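Novice: Here it is, the structure, as structure tokens.
The values are calculated or read from the model by the stated rules, or taken from the named source; none is laboratory data. Everything quoted here is computed from the prediction, not taken from an experiment. Methodologically, a virtual Cβ is constructed for each residue, glycine included, from the backbone with ideal geometry; neighbour enumeration extends over all protein chains shown. Side chains are part of the model used for accessible areas, which takes the heavy atoms of the whole protein and leaves out ligands, DNA and RNA. Shrake-Rupley method; radii C 1.70, N 1.55, O 1.52, S 1.80 Å.
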Amino acid sequence: MTQSSRGRHPLPDADSILWSPEPHHLDRANLKRFMELHGAADLDDLMAWSTRDVGAFTEAVLQFLGLRFSTPYDGVVDLGRGPALPRWCPGGRMNITVNCLDRWLESPEGARRTAVVAESEAGEVTTLTYAQLAAEVGRCGNTLRALGIRPGDRVGLLLPMTAEIVVALLAVIRIGGVVLPLFTGFGAGAVASRLSDAGAAALITADGFSRRGATVPLKSVADAALAQLPEIRTVLVLRHSATPADMCPGRDHWWHRLVPDQSPECVPHDTEAEERMMILYTSGTTGRPKGAVHTHCGFPVKAAQDMCFGLDVHPGDLAYWITDMGWMMGPWLVFGTTLLGASCFLYEGAPDYPDLGRLWAMAEGRGLTQMGLSPTLVRVLKSRGSHHHRRRDLSRLRSFGSTGEPWNPEPWRWLFEEVGGGRIPIVNYSGGTEVSGGILMNNPLRPAKPAAFSAPCPGMDAVVLDEEGRPVRNQVGELAVRTPWIGMTRGFWRDEDNRRYLETYWSRFPGVWVHGDWALVDDDGHWWILGRSDDTINLGGKRVGPSEFESILVAHPAVVEAGAVGVPDELKGAEIVCFCVLEEGFSAGEDLEAALGERIVEEMGKPLRPGRVLFVPDLPKTRNAKLMRRVLRAAWLGEDPGDTSGLVNPEAVDAVRAIAAQG
């Protein structure tokens, strides 16, 4: 941020409370019930206890969630190796699928309750009760055992968002395997590199899937990846789209020929609570992707806690998050809902197909109670489909969730006021794959400001630090966490000495997790995320975050989306280049470029005038609509953008390169 911005809020309306809890929010809130059980006078009192006594708080969460251990743990946490390398639930044994499935089968009501609702782009719907899901997981688990998959084996998961992906995810874990979810938009190279890095023994995939009315082949991508991995000798293939698929004799097996004939009873492997359960890969700016390691008592517990306290999910709720299983919010949705006895909704396809009303049609038709979406998607919906929600009954929808990137105030207001009618709170949520959920999150007990977070998640000792590691308020600094939490990654795969993990998160300040986000907390205790700190731009000694520029640009009626990056400049050392996607009906040109530049000058000052304001058809984004600024910058400079396998729209990179080539 600029020096002139210190001491003021970074976004418009930052002093406005736009949503406050009403009595019915408080009366039903899981978080309030948890506080009452443990004698917390208010949320501040709870936060102080949760970070002062991590062990007692975590044990209280485990009990509140009703988690069962086949062998009790000796203590909740062992900090003998320091806060970066704690041991959670030492001595305890627990297969998380027992808590996700078996315990709900003990009553007829629980067994009949819906666990999964999956809708295809063509409108076909599959519904599984907890009893049906448990039976399918049992059949799939027994199939994998029969194919030779053993405890500890890594199994790749390259499947569309169908009911079978939930079955496969839980089946691998039930037999003691380590599941490796993969993004269905990956190319063969990205799939191969992750399977190879993990040392995978098997892959579960499908023939293809639908997106925007077209069939996307998936088995052919898997085959191209497997051609580089002769050590993988087992592939289970779901027939889903009737896409022609070559089957390798002895290696490839059709799901429909093996799974239905297996017994639905599958004894869960008796795992240690801290046994590896899942590897989630994240793309770094340099080097190979990081495989964050998660355990049975880690990721699922944090997911369920955040869903319970932040989104206030209850048994019988139907929660949806727009994501792919290859991103953390996919497993987060499955574990969170099944541990709470709720239902997860999956949709295979684009949320704006065949038109921008699809999302609201699903919300009404399926009776969604929570819906997670990205600010980028909201900007698109606002721009191109603002009327579609008006024809739909959204009365069952109790909250919106949001993650992936910082908000701009205008689309936040549109979602809250226009779509939600000022009734439905926006639960802003920020954390990451290595966190297993959130550091910051709105909750049903505290008022909300536009684009802000009302508090840290309980148990997260979050703080904003200046360059010397001192806590600051009303000043932009590094988002950090000062105590461990049960969901934190247990390190990176193939990082046996934890060097890469420790350097990434624990090397800046002793005993403190530095997350890599710029943040600000005000005197009211409300928080803002202002972008990745590695996206920060240094202009003449002034640090600026790209979200400041982007918020100003998208507030202009001509701009739908914006991305700002810093690039080298011979005279100034660095300058800002802004990329804008325009609303329909607006034309790119020198006049608009000048007007947008002047708008930034008015808000930020003359020293921060952008060097260029350029117009592009799209910005490089991941499937969950997260803007990839490092890729944008590299494309403009003609540099290697690093790992781009997570992009849903690689053509956006080519468009930026073409503009750069024109000068």
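Novice: What do you get for trypsin sites (Lys or Arg not before Pro) in the stretch 62-139 restricted to DSSP loop and a cutoff of at most 14 other Cβ within 10 Å of the site's Cβ? Intermediate values should be presented prior to the final figure.
Specialist: On the way: sites: Arg68, Arg81, Arg87, Arg93, Arg103, Arg112, Arg113, Arg139; in loops: Arg68, Arg81, Arg113.
Loop-located and lightly packed - Arg68, Arg81.
Novice: So which GluC sites (Glu not before Pro) in the stretch 219-312 are both in a DSSP loop and have at most 15 other Cβ atoms within 10 Å of their Cβ? Spell out each step's value before the answer.
Specialist: Numbers: sites: Glu231, Glu265, Glu272, Glu274, Glu275; in loops: Glu231, Glu265, Glu274, Glu275.
Of the GluC sites (Glu not before Pro), the ones in loops of the stretch 219-312 whose Cβ has at most 15 other Cβ atoms within 10 Å are Glu231, Glu265.
Novice: Of all DSSP beta bridges located in the chain, what percent are antiparallel, nearest 5?
Specialist: Details: 55 of 94 bridges.
Of the beta bridges lying entirely in the chain, close to 60 percent run antiparallel.
Novice: Place a +1 charge on the Cβ of each Lys and Arg in the chain and a -1 charge on the Cβ of each Asp and Glu, then give the dipole magnitude about the Cα centre in debye, rounded to the nearest 20. Don't jump to the answer; show the numbers that get you there.
Specialist: Working: 67 positive and 82 negative charges, 172 e Å.
Taking the Cα centre of the chain as origin, the dipole is about 820 debye.
Novice: Report, in debye and to the nearest 20, how large the dipole of the stretch 381-497 comes out about its Cα centre when Lys and Arg carry +1 and Asp and Glu carry -1 on their Cβ.
Specialist: Charge dipole, the stretch 381-497, about its Cα centre: 1000 debye, nearest 20.
Novice: Still on this model: Of all beta bridges DSSP finds with both residues in the stretch 89-225, what is the antiparallel percent, to the nearest 5? Please list the in-between numbers first.
Specialist: Details: 9 of 17 bridges.
Restricted to the stretch 89-225, the bridges split so that about 55 percent are antiparallel.
Novice: Along the charge dipole of the stretch 156-271, pointing to its positive end and built from +1/-1 on Cβ of Lys, Arg, Asp and Glu, which listed residue (Met161, Leu203, Gly250) has its Cα farthest out?
Specialist: The one lying farthest along the dipole's positive direction is Met161.
Novice: Hey, another quick one. Would you mind working out the accessible area per residue for the chain, using a 1.4 Å probe, and quoting it in Å²?
Specialist: Working: 24010 Å² over 663 residues.
Heavy-atom SASA per residue in the chain reads 36 Å².
Novice: Any idea how far apart Ala224 and Val125 come out in nm if each label point goes 7 Å out from Cα toward Cβ?
Specialist: Taking the simple label geometry, Ala224 and Val125 are separated by 3.7 nm.
Novice: Give me the percent of the accessible area of the chain that comes from carbon and sulfur atoms, probe 1.4 Å, all protein chains in place. Show your work: numbers first, answer last.
Specialist: Numbers: 11370 of 24010 Å².
Whole-percent figure for carbon plus sulfur exposure: 47.
Novice: To continue, here is another question. Loop-only GluC sites (Glu not before Pro) in the stretch 465-518, please: DSSP not H, G, I, E or B, and at most 16 other Cβ atoms within 10 Å.
Specialist: Details: sites: Glu467, Glu468, Glu478, Glu496, Glu503; in loops: Glu467, Glu468, Glu496.
Of the GluC sites (Glu not before Pro), the ones in loops of the stretch 465-518 whose Cβ has at most 16 other Cβ atoms within 10 Å are Glu467, Glu468, Glu496.
Novice: Helix 299-309: angle to the longest alpha-carbon principal axis of the chain, degrees 0 to 90, nearest 10?
Specialist: 60
Novice: Give me the angle, in degrees from 0 to 90, between the Cα long axis of helix 54-64 and the longest principal axis of the Cα atoms of the chain, rounded to the nearest 10.
Specialist: 60
Novice: Rounded to the nearest 0.05, what FRET efficiency do Asn498 and Leu79 give with R0 = 22 Å and r taken as the Cβ-Cβ distance? Could you check? Write down the numbers at each step before the final one.
Specialist: Numbers: r = 15 Å, r/R0 = 0.70.
Working from the Cβ atoms, E equals 0.90.
Novice: Within 10 Å, count the other beta carbons around each residue, average over each peptide in 594-601, 452-459, and list them highest first.
Specialist: On the way: 594-601: 16.1, 452-459: 25.6.
Top of the packing list down: 452-459, 594-601.
Novice: Compute the long axis of helix 375-384 from its Cα atoms, compare it with the longest principal axis of the Cα atoms of the chain, and write down the angle in degrees, 0 to 90, nearest 10.
Specialist: With rounding to tens, the tilt is 70 degrees.
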